[in-house]
1. Given (1) part of a loop (DSSP other than H, G, I, E, B); (2) more than 17 Å from residue 34 (Cα to Cα), identify the lone condition not met by residue 54.
2. Do you know which residues across the range 20-51 are over 20 Å from residue 107 (Cα atoms) and part of a helix (DSSP H, G or I)?
3. If residue 59 satisfies every condition in (1) assigned to a helix (DSSP H, G or I); (2) over 22 Å from residue 106 (Cα atoms); (3) under 16 Å from the mean Cα position of the chain (by Cα) but one, which is the exception?
4. Out of the range 71-87, which residues are over 25 Å from residue 22 (Cβ atoms), at pLDDT 95 or above and surrounded by fewer than 13 Cβ atoms within 10 Å (Cβ to Cβ)?
5. Being surrounded by 11 or more Cβ atoms within 10 Å (Cβ to Cβ), touching a strand residue (DSSP E or B) at 6+ places or on another chain (Cβ under 9 Å), in contact (Cβ under 8 Å) with a residue 40 or more places away in the chain and in a helix (DSSP H, G or I), is that true of even one residue in the range 97-119?
6. For the range 62-96, what are the residues that are closer than 15 Å to residue 37 by Cα, more than 18 Å from the chain's Cα centre (by Cα) and part of a loop (DSSP other than H, G, I, E, B)?
7. Taking the options 65, 26, 56, 22, name whichever one is surrounded by 14 or more Cβ atoms within 10 Å (Cβ to Cβ), without any contact (Cβ under 8 Å) to a residue 24 or more places away in the chain and under 26 Å from residue 129 (Cα atoms).
């Protein structure tokens, strides 16, 4: 088994990088006053209306508790960015425009995240993380 010289295990690095990614998203979306979760919902809805359950499933890895998606949806509806009709949620024109404005900032953040990492390295990293997830499932 490989043990790095700094003795920091994979869990430490995963949490550290996750925190940096979160802070980067906060900075990227600050001008719009949006959160990463709101951005994720807008992305889910960019392909068309979705049921609340499908949105919750898409965001499940990012939500602290079941039902948190409803709070995100309520905030988006209050801004006029989504329309909620029973279990169905659709992207409103203002939400589509906001998503479009945020896209460039998110792309810059994502590019910075993988800066200096080649395609092969990235593919290997993702494959390794998937294998680890399978091992632990």
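1. (1)
2. Here is the first cut: in the range 20-51, the residues over 20 Å from residue 107 (Cα atoms) are 48-51.
Within the range 20-51, no residue meets the criteria.
3. (2)
4. The answer is 80, and nothing else.
5. Looking through the range 97-119, at least one residue is surrounded by 11 or more Cβ atoms within 10 Å (Cβ to Cβ), touching a strand residue (DSSP E or B) at 6+ places or on another chain (Cβ under 9 Å), in contact (Cβ under 8 Å) with a residue 40 or more places away in the chain and in a helix (DSSP H, G or I).
6. Once the filter is applied, which keeps residues that are closer than 15 Å to residue 37 by Cα, more than 18 Å from the chain's Cα centre (by Cα) and part of a loop (DSSP other than H, G, I, E, B), the range 62-96 yields only 79.
7. On the way: 65 fails: surrounded by 14 or more Cβ atoms within 10 Å (Cβ to Cβ); 26 fails: surrounded by 14 or more Cβ atoms within 10 Å (Cβ to Cβ); 22 fails: surrounded by 14 or more Cβ atoms within 10 Å (Cβ to Cβ).
After ruling out the rest, the residue left standing is 56.
The values are calculated or read from the model by the stated rules, or taken from the named source; none is laboratory data. In this text the structure is predicted, and so the values were computed from the model without any measurement. Here the Cβ is made from the backbone with ideal geometry for all residues, glycine too, and neighbour counts use every protein chain on show.
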